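Okay, structure first, notes after.
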Amino acid sequence: MNKAYIDPEKCDSSPMCPARRSCPEKAISQEKLGILRRGVAVVDPEKCVSCGVCLKMCPHGAIAMRAPSAGPKSKKKKK
Ligand code: SF4
């Protein structure tokens, strides 16, 4: 099952992230870097139920659904 994935290049690390706040499963987290500073939002694939709410809430279009194992270094070498 595909899970939500947040593109760190598009995430603006807002401490008021509407996607994080709207997730019914609390699957999105951000490292606290100070009183008003947060890190890039990340999704816990173990908690994500693929409801799609966060995709509609992110103002930057930084969230997409994809296979949890997919990643920039997941390309298999062909022999
Ligand atoms: S798809 Fe649903 S459960 Fe998964 S991170 Fe987004 S809002 Fe949370």
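Taken together, the values in this text are just the output of simple stated rules run on the coordinates, not laboratory data. Nothing here was measured: the structure is a model prediction, and the numbers come from that model. Positions of Cβ are generated from backbone atoms using ideal geometry, with glycine treated the same way; all protein chains shown enter the neighbour counts.
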*Between the DSSP loop rule and a limit of at most 12 other Cβ atoms within 10 Å, which trypsin sites (Lys or Arg not before Pro) in segment 1-48 are left?*
Lys26, Arg37
*Taking the Cα centre of the chain as origin, work out the dipole magnitude from +1 charges on Lys and Arg Cβ and -1 charges on Asp and Glu Cβ, in debye rounded to 20.*
500
*Quarter of the Cα convex hull surface for the chain, i.e. its orientation-mean projected area (nm²)*: 5.9
*For segment 1-65, what's the relative contact order in percent, using C-alpha pairs closer than 8 Å and at least 6 residues apart?*
47
*For the chain: lysine pairs with Cα atoms under 19 Å, gap of 8 or more or different chains, count?*
11
